[in-house]
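K.L.:
Here you go, one structure.
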Amino acid sequence: MSGLKSIGANALWLAAPFVAVAVVWELWARLGSFPPKLFPSLITVADTFVRLAISGVLWAATEATLVRLVLGFVLAAVVGVIVGILMGRYQWVEDLLVPIVSMIYPIPGLAYAPLFVLWFGLGDLPSVLLVAVASCFAVIINTWKGVRAVKPIWIRAAESMGARDRQLFRLVILPAALPYILTGLRLGLAQAWRILVAVEMLMSVSRGLGWMIFGAQEFLATDVMLSSIAAIGFIGVLLEKQVFERLERYTVVRWGMLTA
Amino acid sequence: MKIAFSWRAFWRGAAGLAFLLLVWEVFARSGFFSRALSPPLGSIANALWQTFADGSMPQHALVTLGRVLLGIALSCLIAIPLGMLMGRVRAMERFFLPLVSVLMPIPSLAWVPLFILWFGIGNISTILVVIYAATFPMVYNVWTGVRSINPLWLRAASAMGANRRASFWKVVWPAALPFVITGLRLSFGRAWIAVVGGELLASPVWGLGKVIFEAKEFLNADVMLAALIVIGALGLSFERVVFQALEARTIARWGMVAAAKR
């Protein structure tokens, strides 16, 4: 009986903050100084959300955004892991690339957006490339650190037991660097997600959640904007809970590299 | 990761940069893109020189920096007390944590068009985006910092007769400070991205993002690249000079480096 009670109490606690915010929002929408067109009631927003979901517009936009996210991130992951491993393994690559990477890394990827528009035009190609460029540095730097953090004694031990280059790489270096690589991938994906929405606004892609927000601005359709932001928040929470935390649990924590 | 300075690494790094510049020069002169789209090094340097000589670039940079610093300062005013309360008071944690974890994964730039409708284009919208971007890493770090305080310290303090105020200022605050500094560092990184995006989208009159946006309209790729160089140099010097000095002065001196890992 007490277990049931505590579940009820938990649900109440979880709902309370959202209910409180909703009440404040609703009061402000009805009594505040903004016209309802600019600050819609939550009922209007929910109505629009359902309408967009049923008509399929929201799904199409979500799908386009997710495809861009995955393409850009996969590109960044492949390039970033390869470059990072080369930097960690070969001294001359490291010396050559470290200054370049550390100079380009602090420039926000979004700042390249207009340059990419000039080079590649508008649309999908520059958006995906830009997301890839913006997110690959976190992968590069973490992979590099991970390969450098492999204990030299493990490498020497494997070599003295007659491991060839490929075995050494597959059986020693990769597993030892994997926690770092995963951290890099996680940071890279988060980075890609943070700028993708803005990239869509700047690149005038044909579909996408960011574009929906930007396009709705022209029509003062704040309800559409808030619906898109809600969808974005939903995807963000899913990414966080389902992808990042799971990745960490399955790999790093299981190997005892990190206590959960 | 700290790397000992060595002349060999220095020369190789210089060679790396020279190689990058050479590749760019060949690419620019190859005619793959027209000169207007990929200007050679000479005209980028010229654009950089001209915009510095007439004082416009430093002013744009100052405005952008001012927005970032103001936004971070305001976000600290919200985030540090909120994080502290969430760390110390159970009810506050239960109320605010769900809100924070829903709002945190929404990219700050998604709000720009809405902020523009509410507050118009210009300063207010841009600074609000910066605040949004900078607040969450700060709240999260302060909250983690306060929660990770060894309860033994608090019990020891109260056994020695510390009242609530004393135990806050002598125990909780110093113990959380390394996390505040880590939060500041993360906040700056997020805010730096947000301010450029905000300036691109919300088009205020001044700002480095504005320079880039305007240069696109007039196909001035050289000015655009000059602004990119300024953005990179500012970001790098904040990360390397300001924050490293801050950490050396505070966390490292107190011997708490291990505690402040993120």
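The values are calculated or read from the model by the stated rules, or taken from the named source; none is laboratory data. Predicted, not measured: the structure shown is a model, and the values here were computed from it. Counting neighbours? That spans all protein chains shown, and the Cβs are built from the backbone with ideal geometry, glycine included. We work out accessible area using only protein heavy atoms, side chains counted, and drop any ligands, DNA or RNA first. Shrake-Rupley method; radii C 1.70, N 1.55, O 1.52, S 1.80 Å.
K.L.:
Provide the per-residue ³J(HN,Hα) series for segment A:81-87, in order, calculated from phi with Karplus coefficients 6.51, -1.76, 1.60 and θ = phi - 60°, each as a whole number of Hz, with x at glycine and proline positions.
P.N.:
Going residue by residue, I get 5, 5, 4, x, 5, 4, 5 Hz, with x marking Gly and Pro.
K.L.:
Given Cβ point charges of +1 (Lys, Arg) and -1 (Asp, Glu) and nothing else, what value in debye, to the nearest 20, does the dipole of segment A:131-260 about its Cα centre take?
P.N.:
Values: 14 positive and 8 negative charges, 167 e Å.
Roughly 800 debye, rounded to the nearest 20.
K.L.:
Starting from segment A:148-221, pick out the chymotrypsin sites (Phe, Trp or Tyr not before Pro) whose DSSP state is loop and whose Cβ has at most 13 other Cβ atoms within 10 Å. All intermediate terms of the calculation are to be shown ahead of the outcome.
P.N.:
Numbers: sites: A:Trp154, A:Phe169, A:Tyr180, A:Trp193, A:Trp211, A:Phe214, A:Phe219; in loops: A:Phe219.
Those that pass, being in a loop and sparsely packed, are A:Phe219.
K.L.:
A further question follows. Apply the Debye scattering formula to chain B, with a single equal point scatterer on each alpha-carbon and no solvent, then give log10 I(q)/I(0) at q = 0.09, 0.11, 0.16 Å⁻¹.
P.N.:
Values, matching the q order: -0.55, -0.77, -1.21.
K.L.:
Of the heavy-atom accessible surface of the protein assembly as shown (probe 1.4 angstrom), what whole percent is carbon and sulfur? Don't jump to the answer; show the numbers that get you there.
P.N.:
Numbers: 18440 of 26650 Å².
Percent of accessible area from carbon and sulfur atoms in the protein assembly as shown: 69.
K.L.:
Also: Work out the length of the dipole vector of the protein assembly as shown about its Cα centre, built from +1 on the beta-carbon of each Lys and Arg and -1 on the beta-carbon of each Asp and Glu, and round it to the nearest 20 debye.
P.N.:
That gives a dipole near 2120 debye.
K.L.:
Specify whether the C-alpha gyration tensor of segment A:4-154 places it in the rounded, prolate or oblate class, a ≥ b ≥ c being the square roots of the eigenvalues: rounded for a/c under 1.5, otherwise prolate if a/b is larger than b/c and oblate if not.
P.N.:
Prolate, since a/c reaches 1.5 and a/b exceeds b/c.
K.L.:
In whole Å, what is the distance between the alpha-carbon centres of segment A:146-208 and segment B:51-115?
P.N.:
When both Cα centres are located, 30 Å separates them.
K.L.:
What list of ³J(HN,Hα) couplings, whole Hz, do you get for segment A:229-246 from phi and the Karplus terms 6.51, -1.76, 1.60, once you set θ to phi - 60° and write x for glycine and proline?
P.N.:
4, 4, 4, 4, x, 4, 4, x, 5, 4, 4, 4, 6, 7, 8, 5, 5, 5
K.L.:
Shifting gears a bit: Can you give me the accessible area per residue for segment A:36-250, using a 1.4 Å probe, in Å²? Intermediate results must be reported in sequence, preceding the final value.
P.N.:
On the way: 9860 Å² over 215 residues.
For segment A:36-250, the per-residue accessible area is 46 Å².
K.L.:
Moving on to the next point. So if the hydrodynamic radius of the protein assembly as shown is defined as the Kirkwood radius over C-alpha pairs, what does Stokes-Einstein give as its diffusion coefficient at 4 °C and 1.567 mPa s, in µm² per second?
P.N.:
For the chosen part, D equals 51 µm²/s.
K.L.:
Using the Kirkwood formula over every pair of different C-alpha atoms, what hydrodynamic radius in Å results for segment B:60-199?
P.N.:
On the way: mean 1/r = 0.0625 Å⁻¹.
After inverting the pairwise mean of 1/r, the radius is 16.0 Å.
K.L.:
Stokes-Einstein at 10 °C, 1.306 mPa s, Kirkwood radius from Cα pairs: D for segment A:66-174 in µm² s⁻¹?
P.N.:
Details: Rh = 15.5 Å.
The estimated diffusion coefficient comes to 103 µm²/s.
K.L.:
Using the Kirkwood radius over C-alpha pairs as Rh, can you work out the diffusion coefficient of segment B:142-221 via Stokes-Einstein at 4 °C, viscosity 1.567 mPa s, in µm² per second?
P.N.:
On the way: Rh = 15.9 Å.
Value of D from the Cα-based Kirkwood radius: 81 µm²/s.
K.L.:
Can you work out the FRET efficiency for the pair A:Ala16 and B:Phe168, with r the C-beta to C-beta distance and R0 = 30 Å, to the nearest 0.05?
P.N.:
With R0 = 30 Å, the Cβ-Cβ based efficiency is 0.65.
K.L.:
Which of the chymotrypsin sites (Phe, Trp or Tyr not before Pro) found in segment A:24-132 are in a DSSP loop and have at most 13 neighbouring Cβ atoms, other than their own, within 10 Å?
P.N.:
Numbers: sites: A:Trp25, A:Trp28, A:Phe49, A:Trp59, A:Phe73, A:Tyr90, A:Trp92, A:Tyr112, A:Phe116, A:Trp119, A:Phe120; in loops: A:Tyr90.
Sites meeting the loop and neighbour criteria: A:Tyr90.
K.L.:
What percentages make up the Cα-Cα pair-distance distribution of chain A when the bins are 10 Å wide from 0?
P.N.:
P(r) for chain A, in whole percents per bin: 7, 22, 25, 22, 15, 7, 2, 0.
K.L.:
List the residues of segment A:182-220 that lose 40 Å² or more of accessible area once all protein chains are present, compared with their chain alone (1.4 Å probe, heavy atoms only, no ligands or nucleic acids).
P.N.:
Residues losing area: A:Arg194, A:Met201, A:Leu202, A:Gln217.
K.L.:
Is it possible to state the helix-based mean residue ellipticity at 222 nm for the protein assembly as shown, with each DSSP H run of 4+ residues giving -39500 (n - 2.57), the sum divided by total residues, to the nearest 500 deg cm²/dmol? What is it? Walk me through the numbers on the way to the answer.
P.N.:
Values: 23 runs with 385 residues, N = 522.
Theoretical 222 nm ellipticity from helices: -24500 deg cm²/dmol.
K.L.:
Here is a further query. For chain A, modelled as a GNM with alpha-carbon contacts under 10 angstrom, which of A:Leu66, A:Leu96, A:Leu42 fluctuates the most?
P.N.:
Answer for the Gaussian network model of chain A: A:Leu96.
K.L.:
Give me the tail of P(r) for segment B:106-262 as a percent: Cα-Cα pairs with distance above 27 Å. Don't skip to the answer; put the middle values down first.
P.N.:
Details: 5060 of 12246 pairs.
Roughly 41 percent, rounded to a whole number.
K.L.:
Pick from B:Val195, B:Val139, B:Val230: which is most flexible by mean-square fluctuation in a GNM of chain B where alpha carbon atoms under 10 Å apart are linked?
P.N.:
Largest GNM mean-square fluctuation: B:Val230.
K.L.:
For segment A:182-191, just list the computed ³J(HN,Hα) in residue order, Karplus coefficients 6.51, -1.76 and 1.60, θ = phi - 60°, integers in Hz, with x standing in for Gly and Pro.
P.N.:
Once θ is set to phi - 60°, the couplings for segment A:182-191 become 5, 4, x, 5, 5, 4, x, 5, 4, 4 Hz.
K.L.:
Next question. How many lysine pairs does the protein assembly as shown hold where the Cα atoms are under 24 Å apart and the two sit 8 or more places apart or on different chains?
P.N.:
Values: A:Lys145/B:Lys2; A:Lys145/B:Lys261; A:Lys151/B:Lys2; A:Lys151/B:Lys261; A:Lys241/B:Lys261; B:Lys2/B:Lys261; B:Lys170/B:Lys261.
Close lysine pairs under the 24 Å cut-off: 7.
K.L.:
What are the chymotrypsin sites (Phe, Trp or Tyr not before Pro) within segment B:1-91 that DSSP puts in a loop, where the Cβ has at most 15 other Cβ atoms within 10 Å? Intermediate results must be reported in sequence, preceding the final value.
P.N.:
Values: sites: B:Phe5, B:Trp7, B:Phe10, B:Trp11, B:Phe19, B:Trp24, B:Phe27, B:Phe32, B:Phe33, B:Trp49, B:Phe52; in loops: B:Phe5, B:Phe32, B:Phe33.
Here the sparse-neighbourhood loop sites are B:Phe5, B:Phe32, B:Phe33.
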